[in-house]
């Protein structure tokens, strides 16, 4: 478990505050548009139940990659 996850697991009040903030953030129109765009990309690439993620390269292009490899990198494209 990472530091942030441990912190919120040990501090329920802070976790409640963060979840409330995240809920408000995710309600914003630009966040909704972004989620819609990503969902459309997933459908376009035929990514349903295949244990693959749509991974983003530094140049902005995307490709399908095993979930384990993509998530293990933690943003270090």
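From the helices alone, meaning DSSP H stretches of at least four residues, give me the mean residue ellipticity at 222 nm for the chain, per-run term -39500 (n - 2.57), in deg cm²/dmol to the nearest 500. Please report the intermediate quantities before stating the final value.
On the way: 4 runs with 47 residues, N = 77.
Dividing the helical sum by the residues of the chain leaves -19000 deg cm²/dmol.
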**Fill in**
Neighbour-count ranking for 7, 25 (other C-beta within 10 angstrom, fewest to most) reads 25, 7
**Prompt:** Mind checking the angle between helix 29-44 and the chain's longest principal axis? C-alpha axes, 0 to 90 degrees, to the nearest 10.
**Reply:** 40 degrees
**Item:** Length gained when the stretch residue 14-residue 54 is fully extended (0.36 nm per residue, less Cα-Cα span)
**Value:** 11.2 nm
**the chain: relative contact order as a whole-number percent, Cα under 8 Å and 6+ apart** = 14 percent
**Prompt:** Any idea what angle helix 12-27 forms with the longest principal axis of the chain, computed on alpha-carbon atoms, 0 to 90 degrees, nearest 10?
**Reply:** 40 degrees
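Only counting other Cβ atoms within 10 Å, I'd like 47, 37 sorted with the fewest neighbours first.
Working: 47 14, 37 10.
Ordered from fewest to most neighbouring Cβ atoms within 10 Å, 47, 37 come out as 37, 47.
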**Fill in**
Looks like the chain, by Cα gyration tensor root eigenvalues a ≥ b ≥ c and the a/c under 1.5 rounded cutoff (else prolate when a/b is bigger than b/c, oblate otherwise), is oblate
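Values in this text are rule-based calculations from the coordinates and carry no lab data. Just so you know, these numbers come straight off a predicted model, no measurement behind them. Quick reminder, even Gly has a Cβ in these numbers, built from the backbone with ideal geometry, and neighbours come from all protein chains shown.
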